[in-house]
Amino acid sequence: FYIGSGLKIGRLWDISVGFGRWHFIVKNFIKLKSSTKILSLGTNNASLELLMLKSGARTVIGYEKNINYIKQGYFLLNAMNWYNNQNYNLKYINKDISEFNKNKKTQDVVVALFSIYYLPEKKINTLIKHFKLRTKTIYLQCNHSKNIGRSKKKEYEKASLNFTKKILLKNKLSNIKIKAPLSYSRPMIKVINNLN
C-alpha cells in the first residue's frame, strides 16, 4: 500500500497484490461514480477498497471475518485520511462473507476479489442468487495460480474463470465482461444485473 510522500508498506509493484494489482488491472476495470456505494466481500486489509474510495467511491462496507485484517484496514484508513486530509468512509462488518445473503438492502456495487471461491459450492450458489436479487453491478476476481497450497483440487477449480462463468450463467447472469491479460493468473469479471 502506498500512502504518499514515500510512505509505503510491502511490495508496491507486485501485480498480484494491493497497489500493484490496482494499477495493473483493477483501476481501469472497476468504474466508479462519486455516489457509488460499494459492498466488499472478503475485504482483507482494504488496500484496494481504500483506493476505490480515493478514486471517488462514496462508501465501502466490508465483510471480513479476520480481526487482524480489520485492524490493518483501519490503520491504513487512518494513515490515508491523515495524508490526504480527508475522511474516507470505510466500515467493516466482522462476519464471514456468506453472511451477506442475510443483507436485504440493494447494493450499487458488490466487489468480491479472491474471496467467494473459498466457500463450499452450495454457499457460492446461494451468494450468487442473492447478488441477482440485491445487486446492480458485481465485480469478481478469480485466481488460476497453481501449487499455492490449497488443500483440495476442488478449491483450484472453484477459483477458476470457467467455474465462475458457469455458476453465473446457471443463475441467469449473462451480461458478463471479462478482463484476462495474457499470462496473468488473476482475471476479473464484471456482471451487470438488471434488477426488476
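The values are calculated or read from the model by the stated rules, or taken from the named source; none is laboratory data. None of the values given here were measured: they were computed from a predicted structure. Cβ coordinates were reconstructed from backbone atoms using ideal geometry, including for glycine residues, and neighbour counts include every protein chain displayed. All accessible areas refer to the heavy atoms of the entire protein, side chains included, with ligands and DNA or RNA removed. Shrake-Rupley method; radii C 1.70, N 1.55, O 1.52, S 1.80 Å.
Brief remarks on what is shown
- Under-5 Å amide H pairs with Ile93, H placed in peptide plane, nonlocal only: Gly62, Tyr63, Glu64
- Gaussian network model of the chain, springs between alpha carbon atoms under 10 Å - residue of Phe163, Phe131, Phe114 with greatest fluctuation: Phe163
- Region 62-196, accessible surface, carbon-and-sulfur percent (1.4 angstrom probe): 49
- Residue among Ser98, Ser185, Ile30 farthest towards the positive dipole end of the chain, charges placed on Cβ: Ser98
- Per residue solvent-accessible surface (Å²) - the chain, probe of 1.4 Å: 54
- Phi-derived couplings, Karplus 6.51 cos²θ - 1.76 cosθ + 1.60 at θ = phi - 60°, listed residue by residue for region 13-26: 9, 6, 6, 8, 9, x, 4, x, 5, 4, 6, 6, 9, 6 Hz, with x used for Gly and Pro.
- Cα long-axis angle, helix 161-170 against the chain (0 to 90 degrees, to the nearest 10): 60
- Potential lengthening between Lys91 and Arg58 on full extension [0.36 nm per residue; Cα-Cα distance subtracted]: 10.7 nm
- Applying 0.36 nm per residue to the separation of Lys153 and Lys104 and subtracting their alpha-carbon distance, the gain on full extension is 14.3 nm.
- Label-to-label distance for Leu169 and Thr126 is 2.6 nm, based on points extended 7 Å past Cα in the beta-carbon direction.
- Between helix 121-134 and the chain there is an angle of about 70 degrees, using the helix long axis and the longest principal axis of the Cα atoms.
- Using a cutoff of 8 angstrom between alpha carbon atoms and counting only pairs six or more residues apart, the relative contact order for the chain works out to 17 percent.
- Residues in region 96-114 reached by a label modelled at Leu133 [backbone nitrogen below 14 Å; 7 Å Cα→Cβ]: 99-107
- Taken about its Cα centre, the chain carries a charge dipole of roughly 680 debye when the Cβ of each Lys and Arg holds +1 and the Cβ of each Asp and Glu holds -1.
- Using alpha-carbon coordinates, inclination of helix 67-84 to the longest axis of the chain, degrees: 50
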